[in-house]
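To start, the structure itself, in structure tokens.
Readers should treat all values here as calculations from the given coordinates under stated rules, not as data from a laboratory. Quick caveat: nothing in here was measured; it's all calculated off a predicted structure. When we count neighbours, we look across all protein chains shown, and the Cβ atoms used for this are built from the backbone with ideal geometry, even at glycine.
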Amino acid sequence: MQALLGKIKIGSLFLVDPTLKPKSVKPEEEEYTDAKIMFFHPRATDIHEKRKQAGISEGVVSFFQPFTSEQEPIQCISTVNFTHVLKEIEPNVWLNIVLTHPDSLYGLRAAPETKEESETIANAKFHTSLFREEDAKIFHKLLDAFHRYFQLFHGPIRALFTASPPAIFEQICDDFTKNFEFHFFSREFERNFFWNLEFQGLFYCPIDKKQFLQTQLLVNSLLIEQSALDNDGLQHVLVFHDEFYISSTLPHEDIQPLYSYLVGCGESSREPLPSGAYRPLKVHTYKEGGFISFKVKREEESEGVAQDEEGRSSFGKINSKQVGLPASGKTLGYLIGPSQPFDKDLQVMDVFAPRVYIKQSHDGSTKPYRLLVFQGHRCLVTLLYKDDHRFTFSAMDQLTQFLTLHVPAVSQQLEQVVSKVLTKEDPIRFLYYNRMNMAVKFSNLVSKEVFTPELILTVNQMHEAFEGDPECVEQHMNNSFYWVVGLSSLGREIYLIFPPNYTSAKVDVEKKKILAMYFQNLYI
């Protein structure tokens, strides 16, 4: 599976609403199909091909829906060349992705004389993929990632479709899809795709009380100072150190999509990068006009925040002056925010402040904010402002001075604590997940070389089994690469990773020893 990742491509992606009707008085038969297509990528696809694929989607839904449920939804249909994945992501809004894959994904094709028999992947002539039974779940997670990030930057699809002219809606979807395809189906495919397969949680690294209080002092000082300057425009502050969660004024569940986007849609800066590699969040860039930006007058309030540029999505885009800079632990500036350095002689300045929609866990509603992200060495300080906030030159100037002065110092202190923890000898390999606070922790010996995509798939399969069966408390899986033991208790899950040559008796002995030594308060 890992060797094939870069070869799988999006053939098409489209949104369908089976309830939509043509607006004409006497519509032709084809118009009924056309009306149901909300968006189709690539936009240049022939109309007959669009109708064909939309018809397949509608037919699959109509035929299988009576036999499915929310617990066991329609997942996908697969052939030798294509996998058609579909899911109802919002009421009556079906997201479809048609993936093209190489011949070797499901084994070699049958000989020409047996071609008629080998039209489907279920044919016994195929040497099937090890992960064939899990492919539908894997690709369904791709649909979830698409919808999660689309909602983060544009809110619910139905609301955007209703509020926007058709041409603008299509342009926004197309721009978003191009960036999404770049992130998940290019050279970044493996790291981004499998990041989003992992637990929907926050990576924790133990830090001492003193350093946590220092970080909280930074957050509180920032909120107090900005409150005096911009009439409480700054609502929330989030602090991350590399891939690790440090602090947030919002609940964990609310920030998870934004955290996953900022840290996961790109490689962690701690990861060793080859010479010439670029910073995290390096993006597929458009012209600067593709950024959402507005002018801020010196010492004056702007006359309002411009709406998103028509037909553009901010997903995957960063400040134009940060694009192309080499990855560095000494970076200082806005990834998302005003262009730097400020020119004191100019009367206006550019601020790239995309709108993001945060889902409120307490009532399920969605609230828009304006997003700024400042990187001070290895620290990411994320600032969420009121959606209608009016930035001023003086406030932005003082904010930048504050962040430039204080964030590098906090980053250096965090780096010392984090490095000390990461270099500590740890004799076992494990992954820990706490469903209550969404904490994800790794042992130090679970490196990226050990925690391979195949192992991620195995752990996710076990995780889904725990969620699907509350009475399941222990699972074992082994192959020629590793032996994994999964344990679940009271919303906590631990996955122990052993060498493949261990016997079941030795695994049981080591498991009991580790639980008694490390997790005796969790498993008694």
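Mind listing the long-range amide H neighbours of residue 38? Cut-off is under 5 Å, sequence gap 5 or more, other chains count too, H placed in the peptide plane at 1.01 Å from N.
15, 16, 17
Using a Förster distance of 22 angstrom, determine the FRET efficiency expected from the C-beta separation of residue 62 and residue 35, and round it to 0.05. Don't skip to the end; give the middle numbers.
Numbers: r = 16 Å, r/R0 = 0.75.
Between residue 62 and residue 35 the formula returns 0.85.
Going by average Cβ neighbours within 10 Å, how do the peptides 156-163, 392-399 rank, with the highest at the top?
On the way: 156-163: 15.5, 392-399: 19.6.
Result, highest mean first: 392-399, 156-163.
Under the rule a/c < 1.5 gives rounded, and otherwise a/b versus b/c splits prolate from oblate, where does the range 430-518 land using the Cα gyration tensor?
In terms of gyration-tensor shape, rounded.
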